[in-house]
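Heads up: the structure comes next, in structure tokens.
The values are calculated or read from the model by the stated rules, or taken from the named source; none is laboratory data. Because the structure is predicted, anything quoted here is derived from the model rather than measured. No Cβ is skipped: glycine too gets one built from the backbone with ideal geometry, and neighbour counts run over all protein chains shown. What goes into the accessible areas is simple: the full protein's heavy atoms, side chains included, and nothing from ligands, DNA or RNA. Shrake-Rupley method; radii C 1.70, N 1.55, O 1.52, S 1.80 Å.
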Amino acid sequence: MQRPVVRFIGLDLGGVRGKTTAIAELAASAQGALVTRVALRAPDGPWTDETLATYLTAQDPATTAIAIDAPLTEHACGRCVRPACPGALACDDPAVVWLRAVNRAELSTVHSSARRANAPSSAVTLRTSADSSGRARLVPYAHRATEVTLVARGLWPVSRLGGANSPIAARARHLARRLSSVGFTLHQSLLEVSPQATITALFGARAARGRKRDADPWRTRAEILARLHDLSFAPSSRLAREEVLRNDHCFDAMISAYTAYCWAREGWTLPDQDADLLRADGWVWAPEPRTPPR
């Protein structure tokens, strides 16, 4: 199911001062995805809340998809409107029920599903959040189902669990509410993405780590760009390619926009199983793993 979206804006969201926030714009073309702009700063300064909201709310949600690499939904306890908590064991929220089921499952279940996805065991083990009985310990005030699913698929390290509580996540949810006022809808024209998950799925965990942490991340980014055969840079983008190779925020913004392009071109949909749960709890859009992590 291809979508009638022709522009894709990727956002690597940083802190409120905007100095580590970057955007990238892609356009759909006959040859694939065309990078038209990459910017670490707005024309009049950093990407502060108002500057960013003014720029994004001016876009057309009918033809534009915005992909943000930060949590756009809260965990179950953060969304709860009950005046009193019945406790995680008695709660009937679908996300809490889902987490309880995972907590009852042996860690080997998670490990085996990760091996089927060709993921390294170090990337998917939940041992750091397991109790003495050897069972996963996931809590509805810190974890979302989508994050646990990414870990089980081998697309995220376990250290990323619980990221929905960070200040950047709060900023992302605030921005999502601003965007909803002009018609951007979660899972339709507004997407939560993860550059790390996308790169891991396409090129392996080593490339995902190397884009930031290797002795020469420039080379890793260049190799990833060379392997994205359906992505090119428009002549009008000026020094966008150099900015993407030089700066990890610009690179992640571009990968976020490219993920949205793949979402539209390939017609990704929420998993049929637990689709209702994920609409509320959130979903990180990423490709299915195509390359064994190295």
Specify the residue with the greatest mean-square fluctuation among VAL148, VAL139, VAL284, computed from a Gaussian network of the chain linking alpha-carbon atoms under 10 Å apart. VAL139
If you roll a 1.4 angstrom probe over the protein chains with everything in place, what fraction of the accessible area of the chain belongs to carbon and sulfur, to the nearest %? 53
With no solvent term and unit scatterers on the alpha-carbon positions of the chain, Debye gives log₁₀ I(q)/I(0) at q = 0.11, 0.12, 0.15, 0.16 Å⁻¹ of -0.64, -0.77, -1.19, -1.34
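Counting Lys +1, Arg +1, Asp -1, Glu -1, what net charge surrounds SER194 among other residues with beta carbon under 15 Å of its beta carbon?
Computed value for this residue: -1.
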Leaving out ligands and nucleic acids, note down the accessible area per residue over the chain with a 1.4 angstrom probe, in whole Å². 46
Could you let me know the centre-to-centre spacing of segment 34-103 and segment 1-25, using Cα atoms, in angstrom? 13
Note, segment 280-289: 3J(HN,Hα) by Karplus (6.51, -1.76, 1.60, θ = phi - 60°), whole Hz, Gly/Pro = x, goes 8, 7, x, 8, 8, 7, 7, x, 6, x
Relative to the first principal axis of the alpha-carbon coordinates of the chain, what is the inclination of helix 167-180, with its axis defined by its Cα atoms, in degrees from 0 to 90 and to the nearest 10? 70
Give the long-range amide H neighbours of PHE233: residues separated by 5 or more places, or on another chain, with amide H under 5 Å away, using H modelled in the peptide plane at 1.01 Å from N. VAL35
With the label point 7 Å along the Cα-to-beta-carbon line of ARG100 and a cut-off under 16 Å to each amide N, the hits in segment 58-82 are 76-77
Using 10 Å bins from zero, what percent of all Cα-Cα pairs in segment 175-294 falls into each bin? 12, 40, 32, 15, 1
I'm checking a number: the convex hull volume of the Cα atoms of segment 211-257, normalised per residue, in Å³. What is it? 71
Under 10 Å, Cα contacts only: if you run a Gaussian network model on the chain, which one of LEU202, LEU239, LEU138 comes out with the highest mean-square fluctuation? LEU239
Of all DSSP beta bridges having both residues in the chain, the percent classed as antiparallel (nearest 5) is 55
Relative to the longest principal Cα axis of the chain, at what angle does helix 248-266 sit, 0 to 90 degrees, rounded to 10? 80
Using only Cα atoms, find the angle between the long axis of helix 107-116 and the longest principal axis of the chain, and express it within 0 to 90 degrees, rounded to the nearest 10. 40
Within-11-Å neighbourhood charge of ALA264 [Cβ basis; K, R +1; D, E -1]: +2
Residues in segment 191-217 reached by a label modelled at SER166 [backbone nitrogen below 19 Å; 7 Å Cα→Cβ]: 191-201, 205-214
